[in-house]
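Remarks on the structure that follows.
Taken together, the values in this text are just the output of simple stated rules run on the coordinates, not laboratory data. Since the structure is predicted, the reported quantities are computational estimates derived from the model, not experimental observations. Counting neighbours? That spans all protein chains shown, and the Cβs are built from the backbone with ideal geometry, glycine included.
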Amino acid sequence: MSNIEIPESVRQWKIGSGSANIRSWNNYQNNQGYNLFCQNNAKYLTWKEVPLGINLAFTGDASLKKTHFRLPDGGERDILSGESIAFGIGGGKAFLRYAHRDVGINLEWSANPVFEWRIFGSNNQTGTPIAENSSVAIVNDKVKPSPDFFIFLERPPGMADVGWTTSPGFMNSILNAVDRHKVEIAKAVLGVPPVPPS
């Protein structure tokens, strides 16, 4: 285990609403996953067809539980803070992966799990289980030029309101220069390849 200080400005998500730890499983069934709550807009991110960009949108409906995760070793167990995972929303072509897109966030869908994501729990300790309904940061390791945090970002109508800290406008929304510096330090630390759990 090690410490990594994740600033509150990027710890924007709550996964699930129960009291258990967040787990991976290999056979997602329709709406049998977690809901994904964004603390910045008090809504839930889910799959939804939109006119531009990737098919994601926010809703006030907490009963939409489409978020699920997989581990590279195929295990079905508690996910540990900082380990590589695949991040799915819905069924079919459910897994999100980094890819260049002309409009909206640089993500696309994949039918196969893509292990380029990490979740960081609220205690800043890597290698520990992550409780449902706790504040977490979600990171994609493939973002160019370096790993980056998946965050709420207001976009024009018709696009998913998500982005990266490097997306135009995000850093301007952080008023505190100290917190901006903390985000940059955390991203630099994330650029070091993760150590797989033993």
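Tabulated data
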| quantity | calculated |
| --- | --- |
| Exposure proxy ranking, count of Cβ atoms within 10 Å, fewest first, for Ile119, Ile15 | Ile119, Ile15 |
| Cα Rg over Rh - the stretch 8-190, Kirkwood | 0.93 |
| Globularity index of the stretch 121-164, i.e. its alpha-carbon radius of gyration over 2.2 N^0.38 Å | 1.43 |
| Residue-wise HN-Hα coupling along the stretch 18-28, computed from phi with Karplus coefficients 6.51, -1.76, 1.60 (Hz; x: Gly, Pro) | x, 10, 7, 8, 5, 10, 9, 8, 9, 10, 4 |
| Exposure proxy order (Cβ contacts within 10 Å, fewest to most) of Asp161, Asp141, Asp61, Asp148 | Asp61, Asp141, Asp161, Asp148 |
| The stretch 30-128: translational diffusion in µm²/s, Stokes-Einstein, Kirkwood Rh over Cα pairs, 20 °C, 1.002 mPa s | 149 µm²/s |
